[in-house]
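Scroll down for the structure; my scribbles are underneath it.
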Amino acid sequence: MNRRSFINLSLLLAGSAIVHSHQASGQAGWTTLFDGQNLNNFNQIGDANWKLADGAVEADKGNGFLVTKDTYADFQIRAEFWVNDDANSGIFIRCTDPAKVTGENAYEVNIFDKRPDPSYGTGAIVNVAKVSPMPKAGGKWNTYEITAKGPQFTVVLNGVKTVDGAQDSKHARGHIALQYGAGAPGTGPGIVKFRKLEIQRL
């Protein structure tokens, strides 16, 4: 092999290694909004006692949200979370009012194993897409993959599709909010932890 061929081959292999490394990291086209280190991409509303601990953000008192500073229209989210059995949480998407997040001005992808009406419990989009049977998230780390493209929504919890192509066009763009909410009547205090949130615009 001559010197020029060797140099070209070396450059090709180096480039291939860089591409492979980038793809293997899972970051191609993805933006990390939260990785357990800081809350620089969020504003806090409400009185939930969010704190950073052990590579996650967690709360166990109050009511409130961590709301992204940016807005998003079409996207895919990957989120890792842990809740106890009594927790009431959710990932609200396309929130149109970042100062007052509700189920009326956003889409709520629910995390609520003990919701009195389980058809809109964990795995559902409240008032848009029911789930049956409702999966349970309590007591373990879970992964949500949420896709919003135009009026169509897909939700995957731990590799299982819980919402498949639901349609709604009320909200076209908005913020993303992570919730800590009061639990169902008669239950103990909920514990909510998020350790990763990534987004890819579509």
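The values are calculated or read from the model by the stated rules, or taken from the named source; none is laboratory data. These figures come from a predicted structure and were not determined experimentally. Cβ: placed from backbone, ideal geometry, glycine included. Neighbour counts: every protein chain shown. Ligands, DNA and RNA are stripped out before the accessible areas are found, and what is left, the full protein with its side chains, is counted by its heavy atoms. Shrake-Rupley method; radii C 1.70, N 1.55, O 1.52, S 1.80 Å.
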Matching entry among G165, G174, G150, G188 (being among the small types (G, A, S) and under 17 Å from I111 (Cβ atoms)): G188
Any hit, segment 103-116, residues being crowded, with 19+ Cβ neighbours inside 10 Å, of a type in the set (S, T, Y) and over 19 Å from P189 (Cβ atoms): yes
Residue in segment 133-142 that is more than 25 Å from N41 (Cα to Cα) and surrounded by 23 or more Cβ atoms within 10 Å (Cβ to Cβ) present: yes
Test: residue in segment 9-31 that is at pLDDT 55 or above, surrounded by 11 or more Cβ atoms within 10 Å (Cβ to Cβ) and in contact with a Phe, Trp or Tyr (Cβ under 7 Å, 6 or more places away or on another chain): no
R94 among the basic types (K, R), open to solvent by less than 60 Å² (accessible area, probe 1.4 Å) and within 21 Å of I125 (Cα to Cα): yes
Residue under evaluation A148, criteria (1) open to solvent by 20 Å² or more (accessible area, probe 1.4 Å); (2) at pLDDT 95 or above; (3) of a type outside the set (K, R), criterion not met: (1)
Residue in segment 75-83 that is surrounded by fewer than 19 Cβ atoms within 10 Å (Cβ to Cβ) and not in a strand (DSSP E or B) present: no
Top-ranked residue of segment 37-66 - restricted to ones that are small (G, A, S) and under 25 Å from A182 (Cβ atoms), ranked as most open to solvent (accessible area, probe 1.4 Å): G46
All positions within segment 169-202 that are within 18 Å of A124 (Cβ to Cβ), modelled with pLDDT of 95 or more and open to solvent by 30 Å² or more (accessible area, probe 1.4 Å): K170
